[in-house]
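The values are calculated or read from the model by the stated rules, or taken from the named source; none is laboratory data. Fair warning: this is a prediction, and the values are worked out from it, not measured in the lab. Positions of Cβ are generated from backbone atoms using ideal geometry, with glycine treated the same way; all protein chains shown enter the neighbour counts. Accessible surface is based on the protein model in full, side chains and every heavy atom, while ligands, DNA and RNA are left aside. Shrake-Rupley method; radii C 1.70, N 1.55, O 1.52, S 1.80 Å.
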Amino acid sequence: MGSRERQDREKQAVRQSILEAARDLFTTEGYRNVSIRKIAERIEYSPAAIYSYFASKDDIYLALAEDGFRRLDEKLRQAPQQGTPMDLVRAGWWAFYEFSKEQPAYFELMFVDRSVPKISDGWEGFEILQSLMADATERLQRAIESGDLPSSLNPRAAMHV
């Protein structure tokens, strides 16, 4: 194993330390109250070192959000994929609930803290979020078509509720 591989491992370990420290600080102190300096102090690095990994605090949040949505996607893929349309709606929302209990820090950052940066379609992790939303909407639509949910229900609005 060469020095390049070791440097890559070390760089990845520092990046992970930054993300873990930021996640902990964002959830305990609130996104708005955390600075790059606080994150750097937590991992005993200089703020300049943090900036060599992430251009801004927003970029750190977006990296955490992408990881969180990837984890949520994995949880939803473990939910039952067989049954009536209403069974599938229930299974999806139950998996979402379990994610909130198993990953409370990610859930807080992704869905509760309103001071975090707005997620937009220019963000790299947006495809994961769009896919999750489309799947939930599709499950609701199938439950409407089967008569399990009222035909007057808007599946996109219900998914957001």
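Descriptive notes on the structure:
- Note: the chain, Cα convex hull, 135 Å³ per residue.
- Average accessible surface area per residue within the chain, 1.4 Å rolling probe, Å²: 61 Å²
- Global form of the stretch 90-151, assessed from the alpha-carbon gyration tensor, a/c cut-off 1.5: oblate
- Base-10 log of normalised Debye intensity for the stretch 1-66 (one unit scatterer per alpha-carbon) at q = 0.11, 0.20, 0.23, 0.24 Å⁻¹: -0.25, -0.74, -0.93, -1.00
- Computed over the stretch 20-155, relative contact order equals 28 percent, with contacts defined as Cα pairs under 8 Å that lie 6+ residues apart.
- Loop sites in the stretch 55-161: GluC sites (Glu not before Pro), DSSP, at most 16 other Cβ within 10 Å: Glu124
- Surface share of carbon and sulfur [accessible, 1.4 angstrom probe, percent] for the chain: 49 percent
- Reachable lysines, given that their alpha-carbon falls under 26 Å from the alpha-carbon of Lys11 and they are not under 8 places away in the same chain: Lys38, Lys57
- Distance between the stretch 143-161 and the stretch 26-66 - C-alpha centres, whole angstrom: 40 Å
- Within-11-Å neighbourhood charge of Leu149 [Cβ basis; K, R +1; D, E -1]: 0
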